[in-house]
1. Work out, step by step, the length gained on full extension between Leu88 and Ile106: first 0.36 nm times the residue separation, then minus their alpha carbon distance; give nm to one decimal.
2. Can you list the chymotrypsin sites (Phe, Trp or Tyr not before Pro) in region 1-101 that are in a DSSP coil and have 11 or fewer other beta carbons within 10 angstrom?
3. Return the distance in nm (one decimal) between the two label points of a simple spin-label model at Leu57 and Lys32, each offset 7 Å from Cα along Cα→Cβ.
4. Among His76, His31, His23, rank each residue by its count of other Cβ atoms within 10 Å, from fewest to most, as a rough exposure measure.
5. Give me, ordered by chain and number, the residues 5 or more places off Leu10 or on other chains with an amide H under 5 Å from its own placed amide H.
6. May I have the extent of the alpha carbons of region 9-130 along their three principal axes, as whole Å values ordered from largest to smallest?
7. Ile96 to Ile119: extension gain in nm, 0.36 nm per residue of separation minus the Cα-Cα distance?
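What follows draws every value from the coordinates through simple rules; no lab data is involved. Note that this is a predicted model, so its numbers are computed, not measured. Note: ideal-geometry Cβ built from the backbone for every residue, glycine included; neighbour counts use all protein chains shown.
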Amino acid sequence: MTDNEKRIGLALSGGGYRAAAFHIGTLRALHKLNVLDKVDVISSVSGGSITAAYYVLNKDKEFDTFEKSFKEKLKHNVLWIAIIELLLVIGAIIAIVKFSPDGYGIWAFVGCIVLLLLIWYYVLPVSKFTKVSQVKIHKRDLT
């Protein structure tokens, strides 16, 4: 490739598993526009690197096969992370209750359960991680 030839670079941002799930939609859109195969370089950070690395390692496969495999692995990993975080929180609750002054153990337990439910409901909605966004494609000339 000479210095005068146009090149295409792709930048995938970070954001953990949400970014990884979002970027699979980005790659799908670029694939449907027949641009993905023309990408010369990919720059990525954090969650974007998950998608970028998996794509580079599997780009020789059909895109639909790659996408399906990536989604399955992403769902599986997110579920295990949620389970591990839940176990860590349960361990923290047990420690708080055990080391609470006499008479306050039940209140510490109730408070921890309420906090756990709030965190589980507002901070860790696994369904948001596992639903890969749908991207609408607007066809236009990229030159």
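1. This chain segment gains 4.5 nm when fully extended.
2. Working: sites: Tyr17, Phe22, Tyr54, Tyr55, Phe63, Phe66, Phe70, Trp80, Phe99; in loops: Phe99.
Taking region 1-101 and a limit of 11 other Cβ atoms within 10 Å, the loop chymotrypsin sites (Phe, Trp or Tyr not before Pro) found are Phe99.
3. A separation of 2.7 nm, rounded to one decimal place.
4. On the way: His76 11, His31 16, His23 26.
Listing His76, His31, His23 from fewest to most nearby Cβ atoms yields His76, His31, His23.
5. Under 5 Å from the amide H of Leu10 lie the amide H atoms of Val41, Ile42, Ser43, each far enough along the sequence or on another chain.
6. Cα spread of region 9-130 along its principal axes, largest to smallest: 67, 23, 20 Å.
7. 6.6 nm is the gain from fully extending Ile96 to Ile119.
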